[in-house]
Amino acid sequence: MEIGEQGFTPGTGSTYNTSSDYFEFQNLNPQTNYNIYIQSKCGTSDFGTVVGPTTITTQSSCTTPENLHIGGVSTCEFTVNWSGVNETAWEVEYGESGFSLGTGTVINTSDTYFTLTDNILPNTTYEVYVRANCGSAGYSNYTNALVITTETMTSLDATFLEGDYLIESITDGAFTAGGQGPIVGEQYVYITAGSNNGRYFNFTYYPDAFLNDTYFEFQLTNSGLVEVGINDTLSYSCDQGATTSIILGPSNQDQPYNVCDDSVLEFTFFELYHGTGGCGASDLPITIRLTKQ
């Protein structure tokens, strides 16, 4: 018998003789493909026809975790548990349902449970995989996918999205008249509770340093959407006169925000220009980022 890693050239592998009709190969590498050739030996120099190759794949010496199951689930997090067999370190990978392994969020842990909070949203289905990390012996196979759906958000926690927020960034996609805008009238905004357990905030906005200001309001629903509260119209002193309005999108659609993390609030609204007064093109995006203080 001769054995070698898949693709080896016969005559360069490891050879063994036996008088039994079975044989146990030892000291092979885990998770490796091997080719085996067998030839009958009928005498000192009398050999039969070579049979092969037969291909085998060795198993991993690193044991796949068992009994992966849900330990608990809420709107913004869930806990998974598993049995570790003989291993002491594991890698958890998860993502929204249908993601490809290698593209998800990866967590390394020495515990046989983990609470997942990063990139988790309400009413969303996720898939979770776990494999053992055996150091120099490599990784085990992945478990089968554990499918988990987070709960629907029905109300915001009492202190969630409340308090002072620094207007950290407001980025304009437009060059308005004079090229000096946009700017806001405040450095901070205060987000406070509104009706139906939502939140709202407002600030003064100057599309350009040379134009009049507008005061408008954004509402944050407990279902995770940003809505515009006031859709103001501004007058521009351009060559032929023009107006603009502030909306959340080209069709004024609501935009999502992360109801599971209130440390940063970021979304985009739009300036819509009307007229031919040289104030710019229509649908100009402005991204605002607020950071909790």
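The values are calculated or read from the model by the stated rules, or taken from the named source; none is laboratory data. Just so we're clear, the structure is a prediction, and the values are computed from it rather than from any experiment. When we count neighbours, we look across all protein chains shown, and the Cβ atoms used for this are built from the backbone with ideal geometry, even at glycine.
Any chance the stretch 75-82 includes a residue that's within 15 Å of the chain's Cα centre (by Cα) and more than 29 Å from PHE160 (Cβ to Cβ)?
no
Can you tell me which residues in the stretch 71-101 are hydroxyl-bearing (Ser, Thr, Tyr), in contact (Cβ under 8 Å) with a residue 24 or more places away in the chain and assigned to a loop (DSSP other than H, G, I, E, B)?
Those that are hydroxyl-bearing (Ser, Thr, Tyr), in contact (Cβ under 8 Å) with a residue 24 or more places away in the chain and assigned to a loop (DSSP other than H, G, I, E, B): SER74, THR75, SER97.
Which ones in the stretch 124-170 are more than 30 Å from GLN293 (Cα to Cα) and not in a strand (DSSP E or B)?
Across the stretch 124-170, the qualifying residues are CYS134, GLY135, SER136, ALA137, GLY138, SER140, ASN141, TYR142, THR143, ASN144, ALA145.
Taking the residues in the stretch 123-182 that are farther than 26 Å from PRO256 by Cβ and of a type in the set (Ser, Thr, Tyr) as candidates, determine which candidate is modelled with the lowest pLDDT.
Checked the stretch 123-182; the qualifying residue modelled with the lowest pLDDT is THR176.
Please verify whether GLN59 is in contact (Cβ under 8 Å) with a residue 12 or more places away in the chain and in a loop (DSSP other than H, G, I, E, B), treating the condition exactly as stated.
yes
Given the conditions (1) within 32 Å of the chain's Cα centre (by Cα); (2) surrounded by 12 or more Cβ atoms within 10 Å (Cβ to Cβ), which single one is not true for PHE25?
Tallying (1) within 32 Å of the chain's Cα centre (by Cα); (2) surrounded by 12 or more Cβ atoms within 10 Å (Cβ to Cβ), PHE25 fails exactly one: (1).
Residue under question is TRP82, and the condition is that it be in contact with a Leu (Cβ under 6 Å, 6 or more places away or on another chain) and not basic (Lys, Arg); does it hold?
Yes.
Identify the residue in the stretch 13-50 that is small (Gly, Ala, Ser) and assigned to a loop (DSSP other than H, G, I, E, B) and, among all such residues, is nearest to THR64 (Cα to Cα).
The selected residue is GLY13.
Which one is nearest to the chain's Cα centre (by Cα) among residues in the stretch 102-116 that are buried (at least 16 other Cβ atoms within 10 Å of the Cβ) and part of a loop (DSSP other than H, G, I, E, B)?
Out of the qualifying residues, it is GLY104.
Could you look through the stretch 35-71, keep only residues that are of a type in the set (A, V, I, L, M, F, W, C) and surrounded by 13 or more Cβ atoms within 10 Å (Cβ to Cβ), and pick out the one that is farthest from ALA132 (Cα to Cα)?
ILE38
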